[in-house]
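**Student:** I'd like to ask you about the structure that follows.
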Amino acid sequence: MPDIRVKSVGRYVARQLRRMGRPIGGLLKPPAEPACDVLFLIGLWEGESKRYRVYNLIEGMEEWGYSAQALVLADCRKIIARKMRPRVVVFFRTPYDPKMHIPELLEYCRANGITTVFDVDDYVFEPSIIADIAGVAELDEGQKVDYGKGVLAYRTMLLECDRATTTTEFLRDRIKALGRDAFVVRNTVNRAQRILAGDLVAGRKRDGAAIRISYFSGSKTHARDFAQCAPALQAIMRRHPNVRFRLVGLLDLDESWVPFADRIERADFMPMLDMLRSLSECDINLAPLEEGDLFCEGKSELKFFEAAVVEVPTVASRTAPFAAAIQDGVTGFLASTEREWEEKLDRLVRSPALREAIGGAAAASAVEHFSTAVAARSALTAYGLEEQIGARVRPGGGGIRIGWIVPGLIIGGGGHRNILRAAYHLEKFGHDVRLYFSDTQMSKSELRQSVREHFYPFEGPVNRFTGYVDGEDVLMATHWSTVALAESVKSQVGEIIYFVQDFEPAFYPMGSEYILAENTYRRNLYAITTGPWCADILKRDYGMEADSFQFPIDRTIYIPEAAGETQRGKRILFFAKPEMARRCFLIGTMALREFHRLKPDYEIMFFGSDSARKHPQDYPVTYLDNIIRLEDLARLYASSAAGLAFSTTNPSFVPYEMMACGLPVVDLGRPGNEVNYGGRRDLALLADADPARMARDMAALLDDAGQCALRSRAGLEFIASFPSEEAMARRIELLILERIGKRASSSPLSDVALDSRNSAAATADSFHQV
């Protein structure tokens, strides 16, 4: 039964505290101020589930300015006795048990208008599937009876609550079928894990000889899951003598593993952070589940994202949650058959570069989709508290003050549009946003008019930077030249954050400006970067703390239908910016000269800068200059044959916006550039950087209508995963709030739970073992 040892929880925690030398007094008592927004009641004490479903969410809610706390089931009656009035009570894996005063608590909540939410992370509320669950088969008859009673107790509790939250769409739909509103709230990695992961990745030194493949099994009940990949893993170990297998948990290995005994590393359960350290020492992670098994279909993505934060690539079974979380071949690999497991493991074992690319992409995805703040936002929406998210970004209400120091104002500039896009949406979210422009001769009124006319209808203060700001909580430096300006007013603001859109030293030849720009990465600032490429460089080469957001796509503008009924014409677009060395203007013009010789019937168009026409070519060129209206750009992309867009310091928005319009893209085939396209080579044509060869590559592509169509479709599929402008700004908002928000440490109760996993596992009841 799920509550077998609930009455002994207090004694169990006390034992652990004594063992760890921590004080005991008052641990399980409610705080002096018992009222809070969300109160979690933990019904399942054993195991790690409460970390994902309770303590991580509390961390995320505090980042949004909500108050939340956790009690254990034994404290159920205290809620009534002390007249606690939370707005929401979340019953995590709590059975309907009259002996624990659950009926009285439910009635108390109804009488006081307190929303009740049942939270569950496994398919443990459906009696009809019990006989088919692999873990149940491992139990004795008495344990099976207890398990069945537990399922009925959970189902009853689910139906007694107002609504439910769970970890996957599969479980959500099963709950909805029972007539209850249900919402998905993902499992997450918490702040401590993310901080440690950054340190582990930065300090990692790989063993050049051995390649470690890991499986963190959990319990013996995962034998049928592991069987999905075991034959393939053995085949890989026979083929590659340098492969070692690290197995963590209680899983038994049969006699077929005897020949590999000297290459198997065994370890028992580990506390959360020790597990992350062990995982970071590995090269490939396994996440097998029995496909088609209903219980397994309810399992969350945690085996993927916990490996991802330490940049270890995962090969996972193709269950619905893994298939939704993992972009096959980009952020990880999915496998169903033995042959597929073997083939994908072999690819990773053979290629360190592939492991690095997949691991890096997985890390970016994990941080974006599986942070505590993202999950807490989903939870608050599920609880009906979402109306206050914008207004309660910190305790006391009201948004935060965010200032941006912007170098000049380039009409039509992609970098300026990205800055002003973020500022505009942050203002819409309820924050007090101000713009300070440096290096400009425009007046305040001219700046305001230009921002509103050419970019976004920004409402906040627009000023020239004069050496003063207005007590902002955060000041965003947006270019290397603005870092010194931001630091000059450091005493006037809460924190300086570096908004990095390019590796800016590479704007210049190796000289003074290169070094001055590079020096700004050594100022101990936290960076938010456009895309993961810059974040990786800043962390790896300069030891900076950095997080990234994905490029946004405005799908109301950039669509294949933007050209209307117009067919794609025989024209080539070149993003031609001779004033920016990183745009490789000379290479583009040389390649297009040769392309014109090969394909004289194609019109060549230069766009993106008024200065391109100052560099006349000896072949026909149509100069479109700087196209201001985005709708005109989208129409051009949707009606052309191919587009050239180069950038050697970070990708620009241009190639992604081209892809969103179905336009095949040509980019430089330089080492590492495939990372900007998800590690794939079927999206942009990564052409040879030699101009003559590039021209031949382009001509061959355009001669093959089928290949053009394939790249167009693949580009559209790739771009479908990109965020909207608002979602991009939400990501930036989360990173800012996480950086400056309340950094409350986990409660002692949480620390004990996390530190004592071994002891908890040793005494886990039959219900949790499943």
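The values are calculated or read from the model by the stated rules, or taken from the named source; none is laboratory data. Worth saying up front: this structure is predicted, and the values here are computed from it rather than measured. Positions of Cβ are backbone-derived with ideal geometry, glycine not excepted, and every protein chain shown enters the neighbour counts. We work out accessible area using only protein heavy atoms, side chains counted, and drop any ligands, DNA or RNA first. Shrake-Rupley method; radii C 1.70, N 1.55, O 1.52, S 1.80 Å.
**Student:** Averaging the inverse of every distinct alpha carbon separation and then flipping it gives the Kirkwood radius. What is it for region 54-119, in angstrom units?
**Tutor:** 12.6
**Student:** Here is a further query. Can you compute the modelled spin-label distance between Tyr508 and Ala320, with each label point 7 Å from Cα toward Cβ, in nm?
**Tutor:** Those two pseudo-labels are separated by 5.5 nm.
**Student:** Based on the Cβ-Cβ distance of Thr566 and Asp610, what FRET efficiency does E = 1/(1 + (r/R0)^6) give at R0 = 25 Å, to the nearest 0.05?
**Tutor:** 0.45
**Student:** Further question on the same structure: For region 667-729, state the semi-axes of the equivalent ellipsoid (square roots of 5 times the eigenvalues of the alpha-carbon gyration tensor), sorted largest first and rounded to whole angstrom.
**Tutor:** 25, 16, 8
**Student:** Next question, about the same structure. I need to check one value: relative contact order of region 608-693, counting alpha carbon pairs closer than 8 Å and at least 6 residues apart, in percent.
**Tutor:** It comes to 20 percent, rounded to a whole number.
**Student:** Could you grab the relative contact order for the chain? Cα pairs under 8 Å, six or more apart, rounded to a whole percent.
**Tutor:** It comes to 12 percent, rounded to a whole number.
**Student:** Next up: Need one value: the accessible area of Lys78 in square angstrom, 1.4 angstrom probe, rounded to the nearest 10.
**Tutor:** 70
**Student:** Once you place label points 7 Å from the Cα toward the Cβ at Glu579 and Arg555, how far apart are they in nm?
**Tutor:** Label-label distance for Glu579 and Arg555, simple model: 3.5 nm.
**Student:** List the lysines whose alpha-carbon lies under 22 Å from that of Lys599, not counting same-chain residues fewer than 8 positions away?
**Tutor:** Lys570
**Student:** How many nm separate the modelled label positions at Ala227 and Ser336, each set 7 Å beyond the Cα in the direction of the Cβ?
**Tutor:** 2.0
**Student:** List the residues of region 140-162 whose backbone N lies under 16 Å from a point placed 7 Å from the Cα of Lys99 along the Cα-to-Cβ direction.
**Tutor:** Only 143, 145-154 fall inside the zone, counting backbone N under 16 Å.
**Student:** Still on this structure: For n ≥ 4 DSSP H runs only, could you compute -39500 (n - 2.57) per run for the chain, divide by its residues and tell me the 222 nm figure to the nearest 500?
**Tutor:** -12000 deg cm²/dmol
**Student:** Read phi for every residue in region 224-237 and hand back ³J(HN,Hα) as whole Hz from Karplus 6.51 cos²θ - 1.76 cosθ + 1.60, θ = phi - 60°, with x for Gly and Pro.
**Tutor:** 5, 5, 4, 4, 5, 10, 4, x, 5, 5, 5, 4, 5, 5
**Student:** Something else now. Throw me the Rg/Rh for region 310-372, computed over C-alpha atoms with Kirkwood Rh, two decimals.
**Tutor:** 0.97
**Student:** Which value, in Å², gives the accessible area per residue of the chain when a 1.4 Å probe is used on the protein heavy atoms?
**Tutor:** That works out to 40 Å² per residue.
**Student:** Still on this structure: So how much slack lies between Glu487 and Ser351, counting 0.36 nm per residue of separation and subtracting their Cα-Cα distance, in nm?
**Tutor:** Additional length available on full extension: 44.6 nm.
**Student:** Counting only DSSP beta bridges with both residues in the chain, what percent are antiparallel, rounded to the nearest 5?
**Tutor:** Given both bridge residues lie in the chain, the antiparallel proportion sits at roughly 0 percent.
**Student:** Filter the cross-link list Lys99/Lys149; Lys539/Lys577; Lys303/Lys344 down to pairs whose alpha-carbon distance in this structure exceeds 19 Å.
**Tutor:** Lys539/Lys577
**Student:** Restricting attention to the alpha-carbon atoms of the chain, what are Rg (one decimal) and Dmax (integer), both in Å?
**Tutor:** Cα radius of gyration and Dmax of the chain are 28.2, 89 Å respectively.
**Student:** Quick one: Karplus J couplings for region 53-58, per residue in order, coefficients 6.51, -1.76, 1.60, θ = phi - 60°, nearest Hz, x for Gly and Pro?
**Tutor:** 8, 10, 5, 5, 5, 4
**Student:** Can you tally the net charge around Arg582? Count Lys and Arg as +1, Asp and Glu as -1, for every other residue whose Cβ sits under 14 Å from the Cβ of Arg582.
**Tutor:** -2
**Student:** Assuming 0.36 nm per residue, please report the length gained on full extension of the stretch Asp274 to Ala235 beyond their Cα-Cα distance.
**Tutor:** Residue separation times 0.36 nm, minus the Cα-Cα distance, leaves 11.1 nm.
**Student:** Sticking with this structure for a sec: What lysines could a cross-link reach from Lys83, if we take a straight Cα to Cα line under 16 Å and drop same-chain neighbours fewer than 8 places away?
**Tutor:** Lys29
**Student:** Tabulate in residue order the Karplus-calculated ³J(HN,Hα) for region 281-291, using 6.51 cos²θ - 1.76 cosθ + 1.60 with θ = phi - 60°, rounded to whole Hz; enter x for Gly and Pro.
**Tutor:** 7, 9, 9, 9, 10, 9, 9, x, 9, 6, 5
**Student:** Rounded to a whole number, what % of the accessible area of the chain do carbon and sulfur atoms account for, probe 1.4 Å?
**Tutor:** With neighbouring chains kept in place, the figure for the chain is 50 percent.
**Student:** List every residue whose amide H lies under 5 Å from the amide H of Ser647, counting only residues 5 or more places away in sequence or on a different chain, with H placed 1.01 Å from N in the peptide plane.
**Tutor:** Distant-sequence amide H within range of Ser647: Leu668.
**Student:** Another one. Compute the label zone of Leu630 within region 703-727: residues whose backbone N is under 14 Å from the point 7 Å along Cα-to-Cβ.
**Tutor:** From region 703-727, the list is 723-727.
**Student:** Using Cα positions and a limit of under 15 Å, work out the aspartates and glutamates in reach of Lys50, with same-chain residues fewer than 8 apart set aside.
**Tutor:** In chain and number order, the partners are Asp3, Glu59, Asp119, Asp121, Asp122, Asp751, Asp755.
**Student:** Taking just the alpha-carbon atoms of region 440-480, what radius of gyration and Dmax come out, in angstrom?
**Tutor:** Over region 440-480's Cα set, Rg and Dmax evaluate to 11.4, 28 Å.
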